[in-house]
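One structure is given below, encoded as structure tokens.
The values are calculated or read from the model by the stated rules, or taken from the named source; none is laboratory data. Just so it is clear, the model here is predicted, and its values are computed rather than measured. Methodologically, a virtual Cβ is constructed for each residue, glycine included, from the backbone with ideal geometry; neighbour enumeration extends over all protein chains shown. Just the protein is used for accessible areas: all its heavy atoms, side chains included, with ligands, DNA and RNA removed. Shrake-Rupley method; radii C 1.70, N 1.55, O 1.52, S 1.80 Å.
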Amino acid sequence: MENEKKIESYVVVHNIAKRHNVGTLARSATAFGVSEMILVGRRDFNAFGSHGSTSHVRFRHFHSLTDAKTFLKERDCDICGVEITENAVAVNEHPFKRSTAFLLGNEGTGLSAKECEICDFFVYIPQYGCGTASLNVTVAASIVLHQFGVWAGFSERTREGNKFIVAERPSKQAKKNYCMETSESIAEERRLKRESNGFFEDTGKEESPSNLLDTLFDD
């Protein structure tokens, strides 16, 4: 139907521990039809492992989880936490209803209480072997995003030989590995940084640019 809303998926990047995993997440996001990656906290990211896919997915930045939630709710989007909680549903049961944003927890600590508060529901990935307690966050994201794409009925990309055909890289791109913002937004970020003496909303000290994201995804 013409009036039927387009189903979209988003990935919310917050409290991620290994900086190169952001690039790998972007690669999975483009493979499974994600509309936008939502960066919460720091705007810059490491594209290692993306294989050029960061040019094909939009990055949007917010200073806080609350701001990100407001943006997603304005788009009639559910927020799904990927975590083994008491009321989590197996992702292969497809408990989706509309456009959905997926929030993945830190592998060492999982989703924080603050992150869980903004989630509408939770999914987990069933495991059948006994050798590990959890999956790498980028692997988990790939599985969940694929399952959502199956439920949403996303069109499969055309193949050629043993590869999928990659779209031409957009001619106009923002600064590499940086989510561009308006001057007003940058001024607001600087103000918040001065007030909290840190870059991330949940930290109390400033991290250097070289190691800030290295503390976010753990294997």
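Tell me, yes or no, whether segment 120-127 has at least one residue that is in a loop (DSSP other than H, G, I, E, B) and more than 21 Å from PHE32 (Cα to Cα). Write out each step before concluding.
Our first condition is that a residue be in a loop (DSSP other than H, G, I, E, B); within segment 120-127, this holds for 120, 125-127.
The next check asks that each one be more than 21 Å from PHE32 (Cα to Cα); those that pass are 120, 127.
Yes, there is a match, as at least one residue in segment 120-127 is in a loop (DSSP other than H, G, I, E, B) and more than 21 Å from PHE32 (Cα to Cα).
Which of the following residues is open to solvent by 40 Å² or more (accessible area, probe 1.4 Å), aliphatic (A, V, I, L, M), modelled with pLDDT of 95 or more and under 24 Å from ALA26 (Cβ atoms): ILE118, ILE143, ILE125? Walk me through it before giving the result.
Numbers: ILE118 fails: open to solvent by 40 Å² or more (accessible area, probe 1.4 Å); ILE125 fails: open to solvent by 40 Å² or more (accessible area, probe 1.4 Å).
From the options ILE118, ILE143, ILE125, the qualifying one is ILE143.
Restricting attention to segment 78-110, the residues that are surrounded by 20 or more Cβ atoms within 10 Å (Cβ to Cβ) and touching a Ser or Thr at 6+ places or on another chain (Cβ under 8 Å) total 7. Taken over segment 5-53, the criterion of being at pLDDT below 70 and within 17 Å of GLY149 (Cα to Cα) is satisfied by no residue. Kindly check whether there is at least one residue in segment 147-154 that is surrounded by 13 or more Cβ atoms within 10 Å (Cβ to Cβ), over 14 Å from the mean Cα position of the chain (by Cα) and not in a helix (DSSP H, G or I). Yes: segment 147-154 contains one or more residues that are surrounded by 13 or more Cβ atoms within 10 Å (Cβ to Cβ), over 14 Å from the mean Cα position of the chain (by Cα) and not in a helix (DSSP H, G or I).
Name the one entry in ILE84, ILE79 that is within 21 Å of THR138 (Cα to Cα) and modelled with pLDDT under 95. Working first, answer last.
Values: ILE79 fails: modelled with pLDDT under 95.
Criteria check complete, one pass: ILE84.
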